[in-house]
Amino acid sequence: MVNCLLGGISVEFDNRYPDLERLCRGYETALPPELTIRVSDEELAEERQKQTGTFSDGYLETVCCYRKAANTLLDRDIFVMHGSVVALDGEGYAFLAPSGVGKTTQTRLWQAHFGSRLRVINGDKPLIRMEPVGFRAYGTPWRGKENMGCNASVPLKALFFLNRSNTPSVVPADHGQMVDRLFRQLLLPKEPERMIRLLTMADKLVSTLPFYILNCDMTEKSVLCAYEAAK
C-alpha cells in the first residue's frame with residue numbers, strides 16, 4: 001500500500017504492483033487516509049482494451065488508480081484538468097490545449113525566461129481544487145511523459161488556451177470559447193451526480209478567473225504576451 005496527498009486529501013492506494021509505489025515517491029504522507037482506492041481485475045482488463053500499445057499490469061494499475069481517485073475526489077470539490085500549471089512568484093498560470101499543440105513548449109519557454117522564479121507544478125494532469133475563494137492547482141505523481149512537476153500547490157491566477165501562430169498575441173476568451181475549450185480538457189465522470197458537481201465547479205471557474213486565447217510561437221515573445229496580459 002502507498003498513502004499520498006492528492007489535492008490536499010490523503011489517499012491510500014491498495015496496489016498490487018510496485019509501479020505505483022515508485023511513481024508516488026516524494027508524495028507520501030503519514031496522515032491517516034481519507035480515501036482508499038483499489039483496482040479490480042475487471043478494471044485492469046478494461047483499461048488494457050483502451051490502450052493502443054502493450055503495457056504491463058503495473059503500469060495499467062497506475063493509470064486506473066489515478067482515474068479512479070480523480071473520480072472519487074470530485075466529491076471533495078477536486079477535479080483533473082489536462083494542462084500544464086506553473087507557479088511564478090506565488091501565482092499559478094495554466095496552459096490548456098490538446099496534446100501536441102504546445103503546452104510543454106510554453107512551459108519550457110517560461111522556465112527559460114523566469115529561471116528560479118518559476119516552478120512547474122504539473123506538466124500534464126494537475127488537480128484543481130475549488131476553495132471558498134478561488135481555485136488552487138496541485139502537483140501529483142502523474143506528470144506526463146516529460147515528468148515535469150513537483151509536490152506543491154499554487155492559487156490559480158489565469159488560464160491560457162493555446163493556438164499555434166507565427167505572430168504571438170493574447171486576447172480575452174469569450175464565454176463560449178471558455179466553456180467549449182475547457183470541457184475538452186476535463187476528465188469527465190460517468191455518474192450524473194458527479195457530472196453535476198463538475199459542471200458546478202467549471203461554471204465557477206469560468207466566472208471567477210480570467211481566460212485568454214494565447215496565439216503562440218516557440219519564442220520568448222509568447223511568454224511576454226501572456227505574462228503582460230495576466231498582470
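Tabulated results
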quantity: Gyration tensor (alpha-carbon) shape descriptor, region 60-135, a/c threshold 1.5; calculated: oblate
quantity: Tilt relative to the chain, helix 41-50 - C-alpha long axis, 0 to 90 degrees, to 10; calculated: 40 degrees
quantity: For region 97-194, size of Cβ-based charge dipole, Lys and Arg +1, Asp and Glu -1, in debye; calculated: 300 debye
quantity: Shape category assigned to region 2-104 from the gyration tensor of Cα positions, a/c cut at 1.5; calculated: oblate
quantity: Between 0 and 90°, nearest 10: helix 192-208 axis offset from the chain longest Cα axis; calculated: 20 degrees
quantity: D_trans [Stokes-Einstein, Kirkwood Rh over alpha-carbon pairs] for region 173-215, 10 °C, 1.306 mPa s, µm² s⁻¹; calculated: 143 µm²/s
quantity: Kirkwood estimate for region 155-231, i.e. one over the average of 1/r between Cα atoms, Å; calculated: 13.6 Å
quantity: Per DSSP, loop trypsin sites (Lys or Arg not before Pro) in region 141-197 with at most 12 further Cβ within 10 Å; calculated: LYS145, LYS190
quantity: Helix 103-114 vs. the chain, principal-axis angle (Cα, 0 to 90°, nearest 10); calculated: 60 degrees
quantity: Candidate aspartates and glutamates - alpha carbon under 14 Å from LYS190, same-chain residues fewer than 8 apart omitted; calculated: ASP75
quantity: Whole-Hz couplings from phi, Karplus 6.51/-1.76/1.60, listed for region 66-74; x for Gly and Pro; calculated: 5, 4, 5, 5, 4, 4, 6, 5, 4
quantity: Residue-by-residue Karplus 3J(HN,Hα) for region 82-92, coefficients 6.51, -1.76, 1.60, Hz, glycine and proline x; calculated: 7, x, 10, 10, 10, 10, 10, 6, x, 10, x
quantity: GLU34 long-range amide H proximity, modeled H, under 5 Å; calculated: SER10, VAL11, GLU12
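Rule-based calculations on the coordinates, nothing more; no lab input. Keep in mind that what you see is a predicted model, and the values were worked out from it rather than measured. Backbone-built Cβ (ideal geometry, glycine too); neighbour counts: all protein chains shown.
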